[in-house]
Amino acid sequence: MTLPEPRITAYQRWLADTRGLQFARYEDLWRWSVTELDAFWRSVWDYFDIESPTAVGAALADRRMPGARWFPGVQLNYARQALRHGAAADAAGQPAIVWADEPLLAAGELRTLSWPALGQQVGTLAAALKRLGVQRGDRVVALLPNRPETVVAFLAVASIGAVWSVCSPDMGPVAVLDRFRQIEPTLIFAADGYRFGGQAHDRRALVAQLLDGLPSLKHVVDVAVLGGPTDAPPPHVARHDFDALTQGADHAEPEWLPFDHPLWIVYSSGTTGLPKPIVHGHGGIVLEGLKGGTLHNNLGATIETGDRFFWYSSTGWIMWNCQVGGLLGGTTICLYDGSPAQCEKVGDGTADWSPLWRFAALARCTFFGAGAAFYASCMKAPPTPQGGQDSLGRPGAVLAGVQPQALGDLSALRAVGSTGSPLADDSYRWIWQQLPQVDGRDIWIACISGGTDFAGAFVAGLPTLPLMAGEMQCRCLGAAVEAWGEPDEDGRGRSLLGEVGELVCTAPMPSMPLHLWGDATGQRLHDSYFDMYPGVWRHGDWIRLVPHAEATGAIIYGRSDATINRHGVRMGTAELYRAVEALPEVLDSLVVDLEYLGQESYMPLFVVLREGRVLDEPLKKRLVAEIRQALSPRHVPSEILAVPAIPRTLSGKKMELPVKRLLQGADPAKVMNRDAMANAASVDWFVDFAARRSARSSS
């Protein structure tokens, strides 16, 4: 396969031609992008030829954090930017959306939505929303799965200047109401259910709870996923049908909006207390989406590069927003609505991790993205009969797991993306062994780390840089990322290279939050990101920056608020997980360090074992040996315990801090919001363990 020219190369040539700027190394380009903020972000605007009916002047009018002011007087609209590619793409026969759910995939079928059809449905629905009285600034929420209807609804809401917010239908009523009540929505798009793991999940009762629990609602728009009758809504809510609202002659064009007009509200994980409702603006998200998607993830307009972008996500994870953002650059997006694993197909209760690979083959995806845990699960799945060698004849028996190329034609694939947690070294090797080479080289793995907080990435990949297992290739353009030590008397930290420190961003980015909804004074925003280092964004991750000849790489070590501090040696948890989960018997793990003033630290390690395995003394000794070798004797856990499952958030992150607080004696109901979890039943074991431990210590 011959690859299109990297997008970053085209951008650098454009900088030379139009700005007279040339950079010998990526590190030099990055340095310019974070010191000359106005020039860099204006170049992004001009390079992508973003449209505005008003003159574009300075990019950055005020660089305070928080409170930066970007592109004053400029107008744009996210939906307008997403839909502007339609005519050319359709003329070339390229669809806007390729989609499947579990029944379609089982039948080997796909559905497509053309660019003209997408534009027609968005415009017609936007006109209908206006007729229903939805106005600029109104909040419109959705309880929808990952389907084309969700994309249409989002773009219609954005086009009229209303503010979008979505929850996945697998979330519980408390979690959804905790989010939506804070923002007082006018209208809700609601699915009657969803399909996951071969099962149909009826959510009509949940929808009824939401209609009763959100007194600000005036309208509900039903999206039929399962089919079946719906009950009459409360008297204050009018009921409408999605299909009916997307048909008709009326059509509304996207409105011109201020650069900082609110686009959507997303939420922190919500595993402890009420989630933070984070407001992002149209302009910042358009710029960050184009910069990250095109310049770092190397996605081009499909009519130029043939790209088809797939990142597996539920609508409750920020990666859904990233996936939809592919439309901003004219890239065809590929949506899969269903479980990444099927159990009933194997027959013995073992998960079958083939669905996403089968979808990627069927959809001819060029970019395949998923959470790091997905690749680890594929790697540790039972070997198929073909195991022993990869597609190139290299030994691969130990890392056999799923064999994606046996499931379909993946020859279109050019890149693999990973986020959500650090990607283990073994997962890199498994990907390189099991996926096809591209242009004679191992496939490019684009690991990113950022957050919901600013809907972007701080560190990411670049196809023109060397790639090493376990390390992200570079700091993102426009992201002034550093690793800092403890704050000094002036509130600043010492900048570190080659050492682990707090991940900070020392300069503003356009996609940083406009504000938190309901935070009139800005205090909650300040306390969330700027309390440790005044005027500097503290992200809450441990990072080590690794200098190389061409760029500075990065390794993420996990959340800094879930630190292990053993005998004065601090360490992020991800380093321990890499060591422990390298053992084939271990499917998942979690560690917490319970520090008590005047008492010896207690650090239990919890492990989920492969079915049929037992946590006996030989396995415990192997675990201890791995930890000693990878970390140090200081970091050997006080106790190792087998558990049924590790508590995880809806976005797949291990709930380290809530488990730590639970084991320190906190009320489970206050630290564990089960409705905001992917596997709420997993909490029961930890609640019982905490109670037994508390009883022993008091006796």
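The values are calculated or read from the model by the stated rules, or taken from the named source; none is laboratory data. This structure is a prediction, so every number in the text was calculated from the model and none was measured. Glycine also receives a Cβ, built like all others from the backbone with ideal geometry; neighbour counts cover every protein chain displayed. When the accessible area is computed, the model is the full protein with side chains, heavy atoms only, and any ligands, DNA or RNA have been set aside. Shrake-Rupley method; radii C 1.70, N 1.55, O 1.52, S 1.80 Å.
Think of each Lys and Arg Cβ as +1 and each Asp and Glu Cβ as -1; about the Cα centre, that makes the dipole of the chain roughly 440 debye.
Derived scalar couplings between HN and Hα for the range 198-207 equal x, 10, 8, 10, 6, 10, 5, 5, 5, 4 Hz in order, rounded to whole Hz, by the Karplus curve 6.51 cos²θ - 1.76 cosθ + 1.60 (θ = phi - 60°), x for Gly and Pro. Summed over qualifying helices (DSSP H, 4 residues or more, each -39500 (n - 2.57)) and divided by its residue number, the chain shows a 222 nm mean residue ellipticity of -8500 deg cm²/dmol.
Solvent-accessible area assigned to carbon and sulfur over the range 106-162 amounts to 45 percent, based on a 1.4 Å probe. Stretching V614 away from A200 to a fully extended chain increases their span by 145.6 nm, per 0.36 nm per residue minus the current alpha-carbon distance. Residues whose amide H comes within less than 5 Å of that of A480, counting only those at least five positions distant or on another chain, are T506, A507 (H built at 1.01 Å from N in the peptide plane).
Secondary structure note: in the chain, about 55% of the DSSP beta bridges are antiparallel.
Computed from the Cβ-Cβ distance with R0 of 25 Å, the FRET efficiency linking L496 to E36 stands at 0.55. Solvent exposure of the chain, expressed per residue, is 38 Å² of accessible area, with all protein chains present and a 1.4 angstrom probe. So which of K380/K620; K291/K654; K380/K654; K380/K670; K620/K653; K276/K670 end up more than 27 Å apart, counting from Cα to Cα? Long pairs (Cα-Cα over 27 Å): K291/K654; K380/K670.
Sorting the segments 496-503, 485-492 by their residues' average number of neighbouring beta-carbon atoms within 10 angstrom, most packed first, yields 496-503, 485-492. Judged by the mean number of other Cβ atoms found within 10 Å, the most tightly packed of the peptides 421-434, 53-66, 94-107 leads the ranking 421-434, 94-107, 53-66. The amide H of C334, built 1.01 Å from its N in the peptide plane, has V98, F309, F310, W311 as neighbours under 5 Å, considering only residues 5 or more places off or on other chains. Among 630-642, 232-244, sorting by the average number of other beta carbon atoms lying within 10 angstrom of each residue, highest first, gives 630-642, 232-244.
Look at the dipole of the chain built from charges on Cβ: of A645, T2, P66, the Cα furthest out on the positive end belongs to A645. Computed from backbone phi with θ = phi - 60° and the Karplus coefficients 6.51, -1.76 and 1.60, the 3J(HN,Hα) list for the range 176-183 is 5, 5, 4, 7, 6, 4, 5, 10 Hz; x is used for glycine and proline. In summary, the lysines within cross-link reach of K218, defined as a Cα separation below 19 angstrom excluding same-chain residues under 8 places away, comprise K130. Amide H contacts under 5 Å for V438: I443, restricted to partners 5 or more places along the chain or on a different chain, H placed in the peptide plane at 1.01 Å from N. Computed from backbone phi, the HN-Hα couplings of the range 30-46 come to 4, 4, 4, 5, 9, 9, 9, 4, 4, 5, 5, 5, 5, 5, 4, 4, 6 Hz, rounded to whole numbers (Karplus: 6.51 cos²θ - 1.76 cosθ + 1.60, θ = phi - 60°; Gly and Pro given as x).
With a cut-off of 12 Å between beta carbons, the residues surrounding G306 carry a summed charge of +1, where Lys and Arg count +1 and Asp and Glu -1.
The candidate values were (1) 31.6, 112; (2) 26.3, 82; (3) 24.6, 77; the one computed from these coordinates for Rg and Dmax of the Cα atoms in Å carries the label (3).
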